[in-house]
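Notes follow once the structure below has been shown.
The values are calculated or read from the model by the stated rules, or taken from the named source; none is laboratory data. Please read all numbers here as calculations on a predicted model, not as lab measurements. All Cβ positions, glycine included, derive from the backbone under ideal geometry; neighbour counts span all protein chains shown. Protein only, heavy atoms only, side chains kept; ligands, DNA and RNA dropped before computing areas. Shrake-Rupley method; radii C 1.70, N 1.55, O 1.52, S 1.80 Å.
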Amino acid sequence: MRIRLVAATAAAAGALTALTAAPAQAAEYNSALKIGGVQYDAPGRDSNNCRTGNTDEEYLKIKNYSRSTTVNLKGYVVKDAAGNKFTFTANHTLQPGDYVKLRGGNGTDSDRNNVVYRDNCNFMWNNDKDTIYVYKPSGSPADVHSYTKSGSDKDGNGYVTFHG
């Protein structure tokens, strides 16, 4: 009897450890909107100069994975691990299967070209590792993914794909 109790306790402890040790990138939420990928390291030498820099080459791809629901991005919030954030303040709709690239720097937002600019010339994503959070307008999580340059970026091009 004592052996069974010890074995059952050890199995329960192992299951609890497995549940609590799940990495952030494994979190799945009930949301049609997901992070498709991130160009976390802009090609070339990093420069956040608004006129001549390359922050517009850093982007987050957000995709509507629903087969039937249109998603309006207004009110959605994107954050990184350090608390840098961007809030979609204008209407920008994603049809089922559509995506948007949230780019750094300044530019003209365009539904037709699937682009929204952060209007901020500072880089948001770290070149070595970071965690990306997307929140619904209600404040509930939509998606979260972490990356590391050495572990996630298999070909070393500064881009990581999370969802197909």
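Results for (1) in contact (Cβ under 8 Å) with a residue 60 or more places away in the chain; (2) open to solvent by 50 Å² or more (accessible area, probe 1.4 Å); (3) in a loop (DSSP other than H, G, I, E, B), shown as yes or no for each residue.
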| position | (1), (2), (3) |
| --- | --- |
| Gly53 | yes, no, yes |
| Arg67 | no, yes, yes |
| Lys74 | yes, yes, yes |
| Thr89 | no, yes, yes |
| Gly97 | no, no, yes |
Within the stretch 102-130, track down each residue that is part of a strand (DSSP E or B), within 16 Å of the chain's Cα centre (by Cα) and surrounded by 19 or more Cβ atoms within 10 Å (Cβ to Cβ). Leu102, Arg103, Val116, Tyr117, Asp130
The conditions are (1) touching a strand residue (DSSP E or B) at 6+ places or on another chain (Cβ under 6 Å); (2) assigned to a loop (DSSP other than H, G, I, E, B), and Gly37 fails exactly one of them. Which is it? (2)
Looking across the stretch 76-87 at residues that are among the charged types (D, E, K, R) and crowded, with 17+ Cβ neighbours inside 10 Å, the single one that is farthest from Tyr159 (Cα to Cα) is Lys79
